[in-house]
Amino acid sequence: MASNIEQSLFFQQRRSKDELIVKDPPKFDLESYIANYAGHTRIDRLHHIGSHSPYLALDAYRLAITEAKKGKNVNLYLQLVEELSGVAPQDPAAMTDTTWAEKKAQETQREQDRLEHELKSYKNNLIKESIRMGNEDLGHFFYDIGDYSNSHKSYMKMRESCTSNKHLADMTLRLVYVSVAQKSWLTVQSNLAKVDAAQLKGEDKTKLEPIVSACTGLAHMCIGNFKEAATNFLGTSPAFLTTEPAAGITWQKEVLSGNDVAVYGGLCALASMDRSELQAKVLGNSEFRNFLELEPHIRQAISLFCNSKYSACLDVLEGYRSDYLLDVYLSKVLGTIYGRIRTKSIVQYFIPFSCVTLDEMSSKFPAAAGITIKEELEQMINDKTLEARLDLVDRLLISPPTNPRHDVHADALKMAETYDHTLRLRLTRLNMQAAGMEIKAEKGSSEKMNAGMSERIGEGLKGLGSKMSFS
């Protein structure tokens, strides 16, 4: 069945445009996976899965169409039906329900007219709270029908009618919510910064912190700032899993779930942190452990990397590639994340060796992305990522020779020059004093200079001693 769907008109068109098609079936059960989400992100994720996975296309589109008919977004419903008709023309759900579409379009138009009329009357009465609520209702309405641009404008108009810090924070969170739907990540970041600056206190501030942290991590990940994304995800409090709705939004269901925080945080950490950081900030993080328990394979991959079992770590991640390619946010950056993890693994694996055969490297790191291990190593050496040389005759990867004696001599010469310069300055000072010239200095500066010099001499000798194997 999946092979027939893969040859359907819809997927042929996607293939001709070189768009992503995930041929392998994922490990997750679609209904269990999508039960974690609600609202717009539920339909968005189903739509992404249906348009990228021939294996799950029928089920995903059927569920998405059912969800769309519960809402007000007629254009989205028509788009989903049209795409499903290209996948399976004979499927009952691929037939457009014109009666529902026309009726819903008329209802939404009447509702829009009513809300605009009410807002106009509120403005005439000059009641700030009513104007704020009128703009908010209009923003909700535009969001529900998929008009995110007008929704953003309506929420922005609430600013001049806000009378408390709580109102400002709610308005800004709504702007974040709309910007996430638009996938406008720079706008998400700027609005999240405004939430932090909203001067909330006590319980209100504590309640928003995990939401802001998780959404900031999502925005950083989607624009490729993996280090910042990992820091924010790892700093997300477990309270995110049970936090109450903020600004009328259940963030852990309508934007990203606790499972997403675990996966996104773990992968971004693997892509941007070294082994000591992973051990301390991820595996040793008691708060993030609550998220890792939801996705044990991420914890396993990080543990394997920390234990220098790089090929096993990559195998675990590769087993979930199809799942992550079907994630609406992760799919666009997954190739970059996996590439960085693989590059780090190769560099770390080679550190203890003076030379390794290419056959051994190939067995530990099977070819990926359509290039051989030799080509991959050449690229890493040219990019200065890997300090090594390739011997193509004997098929060896060789660590560059080092000269510890030269390093010790260079450090000794540098240290001698530093001492010479310091002593000449001190002699100049003594000669000036002997000539009767007065030198005014701050109180205690002489003691500081003597102490500093003694410390530098001690550190220099200690460094030389360690390089020459003296204790």
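Observations on the structure shown:
- Seen against the Cα atoms of the chain and their longest principal axis, helix 40-52 is set at about 80 degrees.
- Förster-model FRET efficiency, 51 Å R0, residue 227 and residue 434, C-beta, rounded to 0.05: 0.35
- Accessible surface of the chain, 1.4 Å probe, proportion on carbon and sulfur as whole %: 51
- Compared with the dominant Cα axis of the chain, that is its longest principal axis, helix 258-272 is turned about 30°.
- Potential extension, residue 163-residue 274 segment - 0.36 nm per residue separation minus Cα distance: 35.2 nm
- Rolling a 1.4 Å probe over the heavy atoms of the protein chains gives the stretch 1-107 an accessible area of 52 Å² per residue.
- Simple spin-label estimate for residue 108 and residue 183 in nanometres, 7 Å along Cα-Cβ: 2.0
- Calculated FRET efficiency for the pair residue 118/residue 283, C-beta based, R₀ 60 Å, to 0.05: 0.65
- Cα shape, the stretch 71-125, gyration tensor, a/c 1.5 rule: prolate
- Label point 7 Å beyond Cα of residue 97 along Cβ direction - residues of the stretch 132-154 with amide nitrogen under 20 Å: 144-146
- Over the chain: helical MRE at 222 nm, DSSP H runs n ≥ 4 each giving -39500 (n - 2.57), nearest 500: -20500 deg cm²/dmol
- Ranked packing of 354-361, 297-304, 432-439, 257-264, most packed first, by mean Cβ within 10 Å: 257-264, 297-304, 354-361, 432-439
- Helix axis angle, 296-306 relative to the chain longest principal axis, alpha carbon, degrees: 20
- Accessible surface calculations at 1.4 Å, restricted to protein heavy atoms, place the stretch 264-400 at 47 Å² per residue.
- Separation between Cα centres of the stretch 1-67 and the stretch 277-334, rounded to whole Å: 24
- Computed E for residue 312/residue 204 - FRET, C-beta separation, R0 51 angstrom, nearest 0.05: 0.65
- Proportion of all alpha-carbon pairs of the stretch 1-135 beyond 20 Å (%): 56
The values are calculated or read from the model by the stated rules, or taken from the named source; none is laboratory data. A quick note: this is a predicted structure, and the numbers were derived from the prediction, not measured. No Cβ is skipped: glycine too gets one built from the backbone with ideal geometry, and neighbour counts run over all protein chains shown. Ligands, DNA and RNA are stripped out before the accessible areas are found, and what is left, the full protein with its side chains, is counted by its heavy atoms. Shrake-Rupley method; radii C 1.70, N 1.55, O 1.52, S 1.80 Å.
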